[in-house]
Every structure is written in structure tokens, then in C-alpha cells.
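To start, the structure under review is shown below, and the notes come after it.
Just so it is clear, none of the values below were taken in a lab; they were calculated from the coordinates. All of these numbers come straight from a predicted model, not from anything done at the bench. FYI the Cβ positions are ideal-geometry reconstructions off the backbone, even for glycines, and counts take in every protein chain you see.
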Amino acid sequence: MRGKVALVMGGGAGTGRATVLALAREGAQVVIADIDESGGNESLECLRAQGGEGLFVRADMASAQDIQAVLQRTHDAFGGLHAVSNNAALGTLSKPLTELDEDEWDRCMGVTLRGVWLCMKYQLPLIEASGGGAIVNIASVSGLRGEYFQSAYAAAKGGVIALSKAAAVEYARRGVRVNTVCPGGIRSGGMEFYLDKMPELREKTLNAHAMGRLAEPEEIADAVVYLCSEKSSFVTGHDLVVDGGVLVRSNVIDA
Ligand SMILES: NC(=O)c1ccc[n+]([C@@H]2O[C@H](COP(=O)([O-])OP(=O)(O)OC[C@H]3O[C@@H](n4cnc5c(N)ncnc54)[C@H](O)[C@@H]3O)[C@@H](O)[C@H]2O)c1
């Protein structure tokens with residue numbers, strides 16, 4: 001990806017940081033956007049430590065103004081944009097859908113679904129004007145099946161999957177490919193925080209994966225890099241499941 005400019009929304013931790021570093025290893029200049037200033041700056045330090053070039057811009061993925069500012073900085077610094085991972089998301093506490101309140105629903109949708117739409121609304125014209133490229137939206141296996149007590153998050157991720165297909169067909173003849181990566185559990189800070197709070201869920205969560213473990217963030221980043229690169233030049237509107245066998249596993253008989 002030498003000569004290409006990449007952007008990772010939510011690049012300040014976990015999968016986002018791993019994606020920043022993986023894109024830079026492939027030669028891209030990488031813009032890191034994140035709501036968390038210290039995480040974003042830390043990702044930038046890691047990027048520079050491995051010899052990469054990039055910059056950090058503080059931004060909330062739910063804000064059109066912030067997204068436009070990120071794209072302006074990207075254009076000013078590097079002259080265009082070719083590859084994006086829209087990685088940030090906001091979940092809710094685990095609870096039955098009848099117990100979710102309207103604010104929780106709206107906050108989750110505001111970042112996880114509306115935020116991805118807002119990002120693409122402004123990213124697509126810039127990528128097209130830069131000669132084309134690819135967007136990878138991070139969805140989840142939660143968007144592909146029924147998920148207990150995660151109704152808002154699952155609906156938002158299902159929305160990201162449908163939205164990405166709509167963008168893929170709108171831009172298929174305009175030089176921009178749009179795909180999703182649908183991870184299973186990832187060993188990121190967010191997931192570790194959740195499992196530390198509810199240790200009774202750790203073994204069940206690992207066991208839900210046919211491989212019996214969570215993904216390393218780098219394993220998700222590799223899938224993002226593939227979908228951003230020319231190696232996937234004929235792939236658009238696709239949902240790449242990277243889940244260690246969550247969806248394929250039947251829980252009826254345990255090995
Ligand atoms: N962790 C999992 O098990 C898992 C499973 C399936 C899908 N996913 C998805 O993978 C993606 C990455 O997850 P992760 O666990 O690596 O995340 P993480 O919590 O480790 O990091 C997410 C980053 O996004 C940033 N962020 C949060 N809200 C933001 C906002 N409004 N604007 C800008 N930045 C914001 C955070 O500051 C953080 O740096 C998310 O879309 C998540 O829904 C995660």
C-alpha cells in the first residue's frame with residue numbers, strides 16, 4: 001500500500017491500533033482518529049516507532065463536524081485518501097430489550113450505525129476524488145444472528161452490514177469498494193474489561209468459539225488490510241467473518 005493514504009476511525013486502541021500498525025507496515029501513511037487523545041497519541045508513537053508516517057486527530061465518530069475536520073487534515077497533510085477502517089463502536093450494558101431505555105438505544109445507534117453512515121457520507125467523495133480505494137466497516141457476528149441482551153448493538157451492527165452493501169453498489173462503478181469485517185470475540189481492552197467484570201462469562205465466551213479462544217487484534221487487522229489492498233480488487237459488498245468458528249459451531253454436543 002505504498003503511496004496510499006489510510007484512515008482508521010477509532011485507531012487509539014485494540015483492533016483500531018493493530019490496524020493502524022498493519023496498514024503502516026504495508027507502506028501506507030496512516031491518519032489515526034479517536035475520541036481518546038492519549039490512546040490516539042500512543043498509537044501514533046507506536047506507528048512512528050516502527051518507522052511509519054502518520055498523524056493523530058482527536059475526533060468523535062458521532063460528530064459530522066469532527067469527521068469533516070479529520071478529512072480536511074488528511075487532505076492537507078497527505079493530499080488524498082484511499083483506505084479507511086471505520087472501527088469505533090459503542091455498545092450497551094447487557095440487558096433485555098424491554099429494559100433498555102431510549103437514551104441507551106440512541107447513544108449506541110449514534111456511534112455504531114449513524115456514525116458509520118456519517119463517516120462514509122464524507123469519506124466516499126474524498127476517496128473517489130483521490131482516484132479510488134476501499135472502505136472497511138467493522139461489524140460483528142452479533143449483526144448476523146440473534147444475540148441475547150445485545151439488541152441495540154446487534155441491530156446497529158446488522159445495520160452496518162446492510163449500509164455497507166448499499167454503499168458498495170452505489171460506488172462500485174466509481175472506484176470505491178465497501179466491505180465489512182465481522183469479528184467474533186477479540187482480545188481487546190473493551191472485551192477484557194467486560195470479561196473481568198463478569199468472570200463467569202469468560203469460559204462460556206471462549207467456548208462459543210470453535211477454536212476455544214478469542215482473536216488477537218492483529219488477526220482482525222490482517223483481514224482489514226486485505227480488504228483495503230489491491231489483493232481484494234474484485235471484492236465489494238462482502239461480509240468477511242473472522243470469528244474462530246463462532247457462527248459455524250453447534251452447541252448441541254460439546255467435544
Ligand atoms: N472486542 C470484541 O470482542 C469485538 C467483537 C466483535 C466486533 N467488535 C467490533 O470491533 C471494533 C473494535 O473493537 P475493539 O474491542 O478493538 O475496541 P476497543 O474498545 O479496544 O477500541 C475502540 C477505540 O474506539 C475509540 N472510540 C470509541 N468511541 C469513539 C467515538 N465515538 N469516536 C471515535 N473513537 C471512538 C476508543 O477510544 C478506542 O480507542 C468495534 O467496532 C467493535 O464493535 C469487537
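Tabulated data for the structure shown
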| quantity | calculated |
| --- | --- |
| Breaking point among (1) closer than 30 Å to Gly158 by Cα; (2) acidic (Asp, Glu); (3) within 12 Å of the ligand (Cβ to nearest atom), for Glu42 | (1) |
| Count - residues of the range 86-128 that are out of contact with any Gly (no Cβ under 6 Å at 6 or more places or on another chain), buried (at least 16 other Cβ atoms within 10 Å of the Cβ) and part of a loop (DSSP other than H, G, I, E, B) | 5 |
| Qualifying residue in the range 229-238 (condition: outside any strand (DSSP E or B), within 16 Å of the ligand (Cβ to nearest atom) and hydrophobic (A, V, I, L, M, F, W, C)) | no |
| From Val246, Val178, residue being in contact with a His (Cβ under 6 Å, 6 or more places away or on another chain) and touching a residue at least 12 places away in the same chain (Cβ under 8 Å) | Val246 |
| Positions within the range 47-59 being in contact with a strand residue (DSSP E or B) (Cβ under 9 Å, 6 or more places away or on another chain) and surrounded by fewer than 16 Cβ atoms within 10 Å (Cβ to Cβ), in sequence order | Arg48, Glu53 |
| Residue check for Asn207: over 29 Å from Ala83 (Cβ atoms), of a type outside the set (Lys, Arg), loosely packed, with under 14 Cβ neighbours inside 10 Å and within 16 Å of the ligand (Cβ to nearest atom) | yes |
| Residues of the range 1-51 that turn out to be more than 26 Å from Phe193 (Cα to Cα) and in a loop (DSSP other than H, G, I, E, B), as a count | 9 |
